[in-house]
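Novice: Before I ask anything, let me first share the structure, which is written out below as structure tokens.
The values are calculated or read from the model by the stated rules, or taken from the named source; none is laboratory data. Since the model is a prediction, treat every value here as computed from it, not as a measurement. Every residue, glycine as well, gets a Cβ built from its backbone with ideal geometry; the counts of neighbours run over all protein chains shown. The area values use the complete protein model at the heavy-atom level, side chains included, leaving out ligands, DNA and RNA. Shrake-Rupley method; radii C 1.70, N 1.55, O 1.52, S 1.80 Å.
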Amino acid sequence: MGFRNGRRRVVLAVAALLVTAAVAATVYRVLAPAEVSTVAQAAYPAPAQPSAGVIGRLPVAPLIVDGRLRVYTGHRQVYADSPVDGRHRTTPFWSYRRWPAELVGVVASGTTVVSRWSDGRLVALDARDGRVAWRTDGPEPQRKPDARRTGAAIVWDPVGLYLTRTADGRDVVVATGAGEARGVDLIGGRRLWRSEVGTECRSDVGATSTGQLVSVAGCAGEAAVEFRDAATGEVTSRWRPPGAGDELVVTLVGCRVGPSGCSGLRTAGPGDGAGRGWLVGAGAPVPAPALDGLDTQLAGDQAVGVVDGALVGRSARTGAELWRRPDLGQGRVIAVQPGRVHVLTDARELVTLDPVTGAERSRFPLTVGQDGTGYVPGGVYAAAGYVIVERLREPVDPDADDQAYFLTSEPLVLAAT
């Protein structure tokens, strides 16, 4: 009897160990850091050439990459679909997931898509097939993006993630957060530099088109605009606009996407709602009075905005008027991209003009199906001839949940111009 009881206890102990091991293995598989890369099975799509007009609706905000793909984000995923001019979101062309980190930002240039994660990791993907091109560590984000259901803040205005091109023609990814900034070569993922930066007295603004990270820093006294070389990480200059007070607000303008690749800036202090415009380059910012005013946008070398009820294009450097369009009615410039200025009228017509001449490239109502024009434009993105606009319910309630905040379950309207 003793022998049988002893053997039974051994069997039970072994069974318990096996169960424990199986549970541990399952927990490890579920909770352990992991990544899943699902590469493309189809050929890389050709660029599309859609006719001007509304294409369709989307539930989440994409980046247009290489004029061929739309790249989206999920909570722990970045993925692409095609064709770029598809009416709806389709089955992923490729997909990349990480666990347990969360996706906090995405930027893209050419065929390289760089994703940033909550643990600071930077992962670059080849847009042509979704394969991982490189991985490297970066600083952990200072804060998470305030992204709603569309994820527009992650792809159109990523926090602490910027793209710029240096004087020698290198594309550089700059990531900031957690008291440091790092520069990474876009092509190979090689770390170029690492700098410790203050967090309590410094805030990043974005990156210029001439290879500089722009920040507002007050660590050494009065607040000033700080320019850091994206190739070396060295602070090259500190600049205060004439007459600046103790508080300084800086906004970049003329940007390629979000706060990256910008060719101008606007400075303002307390009570200065309009702000003052400046062009940025290799030296100190150059005054550009034509950029004064929040409703004026920088499109190449032209400042475009509403003056006395008419849309006017002026030289950003001299202020000389180049063209005037009083026939468009009430509206505002919602986006610019190379060779295009996009104006949304109060009647919700999207009018696209040539920024140099003011000539009309296209015009059509920005609505889909039976959705109507009773909406307020939210986030806007323009690239490769396309425009994507978030549509919000009117009146806009910033504190409302997503269902009450957005116009429909597919609130983004995609148009070709």
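Novice: Looking at V336, V280, G309, which one has the Cα that reaches farthest to the positive end of the dipole of region 273-351 (charges on Cβ: Lys, Arg +1; Asp, Glu -1)?
Specialist: V280
Novice: About the Cα centre of region 119-214, how large is the charge dipole given +1 on each Lys and Arg Cβ and -1 on each Asp and Glu Cβ? Please answer in debye to the nearest 20.
Specialist: Working: 15 positive and 14 negative charges, 47 e Å.
Approximately 220 debye in magnitude.
Novice: Considering only protein heavy atoms, with the full assembly of protein chains and a 1.4 angstrom probe, order R191, R393, R68 by accessible area, largest first.
Specialist: Reading off the accessible areas and sorting them downward yields R191, R393, R68.
Novice: Could you rank L322, L248, L69 by how accessible they are, 1.4 Å probe, largest area first?
Specialist: L322, L248, L69
Novice: OK, next. Mind ranking C219, C262 by accessible surface for me, highest first, 1.4 Å probe?
Specialist: C219, C262
Novice: Next up: Relative to the Cα centre, what is the charge dipole magnitude of region 371-417, using +1 at the beta carbon of each Lys and Arg, -1 at the beta carbon of each Asp and Glu, and rounding to the nearest 20 debye? It would help to have the intermediate numbers written out before the result.
Specialist: Working: 2 positive and 8 negative charges, 53 e Å.
Using Cβ point charges on Lys, Arg, Asp and Glu, region 371-417 gives about 260 debye.
Novice: Just how much of R97 is accessible, in Å², when a 1.4 Å probe is used and the result is rounded to the nearest 10?
Specialist: About 120 Å², ignoring ligands and nucleic acids.
Novice: Search the structure for amide H atoms under 5 Å from the amide H of F406, placed 1.01 Å from N in the peptide plane, and list their residues when 5 or more places away or on another chain.
Specialist: R393
Novice: Just the accessible area per residue of region 38-98, please: how many Å² with a 1.4 Å probe? Please list the in-between numbers first.
Specialist: Details: 2630 Å² over 61 residues.
Dividing the accessible area of region 38-98 by its residue count gives 43 Å².
Novice: With unit charges on the beta carbons (Lys and Arg positive, Asp and Glu negative) and the dipole taken about the Cα centre of region 164-285, which residue among S215, G183, T199 sits farthest to the positive side?
Specialist: My answer, from the dipole projection, is G183.
Novice: Using only Cα atoms, find the angle between the long axis of helix 2-31 and the longest principal axis of the chain, and express it within 0 to 90 degrees, rounded to the nearest 10.
Specialist: The helix 2-31 is inclined about 10 degrees to the chain.
Novice: Counting pairs of alpha carbon atoms under 8 Å apart in space and at least six apart in sequence, what relative contact order in percent does region 195-337 give?
Specialist: Once normalised by length, the contact order is 14 percent.
Novice: Only one of the values (1) 21.8, 66; (2) 24.8, 106; (3) 20.9, 67 was calculated from this structure for Rg and Dmax of the Cα atoms in Å; name its label.
Specialist: Answer by label: (2).
Novice: Per-residue HN-Hα couplings for region 235-240, Karplus 6.51 cos²θ - 1.76 cosθ + 1.60 at θ = phi - 60°, whole Hz, x for Gly and Pro?
Specialist: Along region 235-240, the couplings run 6, 8, 6, 10, 9, 10 Hz.
Novice: Pick out, from A415, A133, Y375, the residue whose Cα sits farthest towards the positive end of the charge dipole of the chain, with +1 on the Cβ of Lys and Arg and -1 on the Cβ of Asp and Glu.
Specialist: Projecting each Cα onto the dipole axis, the largest value belongs to A133.
Novice: Taking H placed 1.01 Å from N in the peptide plane, check which residues at least 5 places from C255 or on another chain put their amide H under 5 Å from its amide H.
Specialist: Under 5 Å from the amide H of C255 lie the amide H atoms of S263, each far enough along the sequence or on another chain.
Novice: So what are the ³J(HN,Hα) numbers for region 102-118, from phi and the Karplus equation (6.51, -1.76, 1.60; θ = phi - 60°), rounded to whole Hz, Gly and Pro as x?
Specialist: Those phi angles translate into 10, 6, 10, x, 9, 10, 8, 8, x, 9, 10, 10, 10, 10, 10, 10, 5 Hz.
Novice: Same structure, new question: How large is the accessible surface of D146 in square angstrom, using a 1.4 angstrom probe and rounding to the nearest 10?
Specialist: Here the accessible area works out near 140 Å².
Novice: Ignoring everything but the protein chains, give the 1.4 Å probe accessible area of E140 in square angstrom, nearest 10.
Specialist: Rounded to the nearest 10, the figure is 100 Å².
Novice: In a shell of Cβ-Cβ distance under 12 Å around V159, excluding V159 itself, what net charge do Lys and Arg (+1) and Asp and Glu (-1) give?
Specialist: -1
Novice: At q = 0.18, 0.24, 0.26, 0.27 Å⁻¹, what log₁₀ I(q)/I(0) does a Debye calculation on the Cα points of region 289-351 give, no solvent, two decimals?
Specialist: For region 289-351, the Cα-only Debye profile gives -0.56, -1.00, -1.17, -1.25.
Novice: Hey, what do the phi angles of region 261-266 turn into as Karplus ³J(HN,Hα) couplings, whole Hz, using 6.51/-1.76/1.60 and θ = phi - 60°, x for Gly and Pro?
Specialist: Once rounded to whole Hz, the list reads x, 9, 10, x, 8, 10.
Novice: Can you tell me the dipole magnitude for the chain around its Cα centre, using point charges on the Cβ only (Lys, Arg +1; Asp, Glu -1), in Debye to the nearest 20? Let's see the in-between values first.
Specialist: On the way: 46 positive and 44 negative charges, 413 e Å.
Roughly 1980 debye, rounded to the nearest 20.
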